[in-house]
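What follows is one structure encoded as C-alpha cells, with my remarks underneath.
The values are calculated or read from the model by the stated rules, or taken from the named source; none is laboratory data. Since this is a predicted model, take the numbers as computed values, not measurements. Positions of Cβ are generated from backbone atoms using ideal geometry, with glycine treated the same way; all protein chains shown enter the neighbour counts. Calculation scope for accessible area: heavy atoms of the full protein, side chains included, ligands and nucleic acids excluded. Shrake-Rupley method; radii C 1.70, N 1.55, O 1.52, S 1.80 Å.
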Amino acid sequence: MRGAPILETEIAVIGGGLVGAALAYGLARERCRVCVLDEGDVALRASRGNFALVWVQSKGLGMPEYARWTTASAALWPALAAALKEDTGIDVGLSQPGGFTLALSEAELQSRIEAMQRLHNQPAMPRYPYEILDHAETRRRLPAIGREVAGSIYCPLDGHVNSLRLFGALHRGMARRGAVYRANAAVDTIAPAAGGFAVKGGFGEVRAARLMLAAGLGNGRLAPRLGLEAYLVPNKGQIIVTEKVAPFLHHPLHTLRQTDEGGLMIGDSQEERGFDTSVATPVISVMAERAIRMFPLLARLNVVRSWAALRVMSQDGFPVYEQSKAFAGAFLATCHSGVTLAANHALTLAPALARGSLPAAASPFTSERFHVPQAA
C-alpha cells in the first residue's frame with residue numbers, strides 16, 4: 001500500500017491460523033506489542049480443517065520428546081480455556097473425558113496394541129496411562145458401538161474442543177489484549193532493518209524488533225529468507241460433518257467425535273496429493289463406511305457438509321521451533337497439531353519468546369535433527 005505509514009511493533013507474527021493466533025494471544029498476555037499479518041482465507045491453512053482434538057494417545061513414536069511436549073500441552077489446556085473465557089467470555093467447549101481408538105478386527109486391535117507398546121518402550125518416553133479394552137468393556141463405556149468393533153485403546157488424557165469457538169476466542173483475545181491484526185496481508189518480502197526486520201506487502205510495511213514465522217505451509221517460502229529451514233509437505237485430510245443429533249458419544253475418537261453442538265465429525269484421512277484440497281468421493285465413502293461399522297446409528301444421519309484441508313508436515317512429522325542463527329530475533333514455529341499444542345504455544349512458547357528466546361522444552365525440535373549423520 002504505497003504511501004501508508006510504517007507500523008512499528010515489538011513482535012510481528014506472520015500467520016493468523018491457530019498456531020499464529022495462539023502465539024499472538026500468548027505474547028499479548030505478556031504485554032508485548034504484537035502485530036499479526038494474516039494472508040487470509042486464500043491461505044492453505046490447516047486451521048480450516050482441524051479436527052479439534054486435544055490428543056495425547058499415540059503421539060511420539062520415533063521422538064519421545066514430542067510425547068512429553070504433547071502431554072504438557074494437554075495438562076495446560078484447562079488454564080488456556082479459563083484464560084480465554086476470562087478475556088473474551090467465550091467458552092471453547094473444552095472436554096477431556098479420555099479418548100478411544102476403535103479397532104474393527106482382532107488384527108487391527110493387535111496392530112494398535114503393538115504400536116502402543118513400541119511407543120512406550122522407547123527410552124525417555126514419558127509414562128502416561130492407557131487401557132486396552134475388549135469388545136465387551138468398550139461397549140460398556142460406548143454403548144452405541146457396533147458388533148464389528150473388536151476392542152479399543154483408551155487414554156484418559158485425551159479430549160476435544162469446539163474448533164470454531166477456539167479460533168474466534170484466540171483472535172478476540174489477542175485483540176482485547178492489544179494485538180494489531182492485519183487481514184489479507186500476504187507478505188512479499190522480509191529483510192533485516194535497523195533494530196530488527198522490515199516486513200512488506202500490499203498492506204504496506206511493518207517494522208518489528210523480532211518476528212515469528214507461523215504461516216503454516218507458507219513458512220516453506222519465507223523461512224529461507226531468514227536463514228531458517230522449513231522443508232514442509234502438505235498432507236491432505238478430508239472431513240465429513242453430519243446433521244445434529246441428541247448426544248450419544250461422550251468421548252472423542254481419533255477418527256470420529258460428536259461436537260458440543262450435536263453434529264458428528266468424521267475424519268483423519270491422510271493423502272499425499274500436493275496442494276489439492278478437493279473433496280474426493282472414494283475417500284469420504286471409506287471414511288463413512290468405517291464410521292457406520294463403528295456406530296451403526298450413523299447410517300440414519302444426513303451429511304450436511306464435507307471439505308478437505310492440508311496438514312503442515314515436516315520431514316519427520318514432528319514440530320519445528322527454531323531461532324535463526326543468521327538473524328537473531330527471527331523465529332519459526334511449524335506443526336500439524338495446532339489444537340493440541342495451542343496451550344503450549346500460548347502459555348509456554350509465547351512467554352519465552354517475549355523474553356527473546358525459545359523455552360528449554362522446545363529445544364529438541366530444531367531443524368538440526370535433520371542433519372544428524374545416520375549411523376552406519
Condition set part of a loop (DSSP other than H, G, I, E, B) and closer than 26 Å to ALA83 by Cα, scope region 45-58, selection modelled with the lowest pLDDT: answer is ARG45
So, first residue free of Cβ contacts under 8 Å to residues at least 60 places away in the same chain in region 214-233, second residue of a type in the set (Ser, Thr, Tyr), Cβ within less than 9 Å, six or more apart or across chains; the pairs are GLY220/TYR231; GLY220/THR334; ARG225/THR189
Item checked: Condition check for GLY99: among the small types (Gly, Ala, Ser), closer than 25 Å to PHE248 by Cα and surrounded by 19 or more Cβ atoms within 10 Å (Cβ to Cβ) -> yes
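Per-residue answers, yes or no, for (1) open to solvent by less than 30 Å² (accessible area, probe 1.4 Å); (2) outside any strand (DSSP E or B); (3) polar (S, T, N, Q):
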residue: ALA175; (1), (2), (3): no, yes, no
residue: ALA185; (1), (2), (3): yes, yes, no
residue: THR189; (1), (2), (3): no, no, yes
residue: MET212; (1), (2), (3): yes, no, no
Pairing a residue in region 182-208 that is under 18 Å from PHE331 (Cα atoms) and in the same structural domain as ILE11 (by TED's automatic domain parsing) with any residue that is β-branched (Val, Ile, Thr) and open to solvent by 60 Å² or more (accessible area, probe 1.4 Å), where Cβ atoms lie under 7 Å and the two sit 6 or more apart in sequence or on different chains, gives LYS200/THR189; ARG207/ILE6
Sole miss for GLN315 among (1) in contact with a helix residue (DSSP H, G or I) (Cβ under 7 Å, 6 or more places away or on another chain); (2) at pLDDT below 95; (3) surrounded by 15 or more Cβ atoms within 10 Å (Cβ to Cβ) is condition (3)
Expected single match for in a helix (DSSP H, G or I), touching a residue at least 40 places away in the same chain (Cβ under 8 Å), outside the structural domain of ARG140 (by TED's automatic domain parsing) and closer than 20 Å to LEU166 by Cα among ALA72, ALA67, ALA82 is ALA72
Note: among ALA22, ALA81, ALA4, ALA67, just one is of a type in the set (A, V, I, L, M, F, W, C) and at pLDDT below 95, namely ALA4
Those residues of region 112-149 which are of a type in the set (Gly, Ala, Ser) and either surrounded by 12 or more Cβ atoms within 10 Å (Cβ to Cβ) or not in a helix (DSSP H, G or I) (or both) amount to ALA115, ALA124, ALA144, GLY146
When region 287-302 is checked residue by residue, the ones that are without any contact (Cβ under 8 Å) to a residue 60 or more places away in the chain and open to solvent by 70 Å² or more (accessible area, probe 1.4 Å) are GLU289, ARG300
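This table checks each residue for (1) in contact with a Ser or Thr (Cβ under 7 Å, 6 or more places away or on another chain); (2) among the small types (Gly, Ala, Ser); (3) modelled with pLDDT of 90 or more.
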position: ALA175; (1), (2), (3): no, yes, yes
position: ALA179; (1), (2), (3): no, yes, yes
position: ALA186; (1), (2), (3): no, yes, yes
position: THR189; (1), (2), (3): no, no, yes
position: PRO192; (1), (2), (3): no, no, yes
position: ALA198; (1), (2), (3): no, yes, yes
position: GLY201; (1), (2), (3): no, yes, yes
position: ALA208; (1), (2), (3): yes, yes, yes
position: ASN219; (1), (2), (3): yes, no, yes
Every listed condition ((1) touching a strand residue (DSSP E or B) at 6+ places or on another chain (Cβ under 9 Å); (2) open to solvent by 10 Å² or more (accessible area, probe 1.4 Å)) holds for PRO224 save (1)
Residues in region 320-362 that are open to solvent by less than 10 Å² (accessible area, probe 1.4 Å) and part of a helix (DSSP H, G or I) total 10
Subset of region 25-44, residues open to solvent by 10 Å² or more (accessible area, probe 1.4 Å), at pLDDT below 95 and out of contact with any Leu (no Cβ under 7 Å at 6 or more places or on another chain), comes to GLU39, ASP41, VAL42, ALA43
Sole miss for GLY202 among (1) in contact with a helix residue (DSSP H, G or I) (Cβ under 7 Å, 6 or more places away or on another chain); (2) open to solvent by 30 Å² or more (accessible area, probe 1.4 Å); (3) farther than 28 Å from ALA52 by Cα is condition (1)
Filter region 146-196 for residues that are among the aliphatic types (A, V, I, L, M) and under 19 Å from the mean Cα position of the chain (by Cα); the one that is farthest from HIS135 (Cα to Cα) is MET174
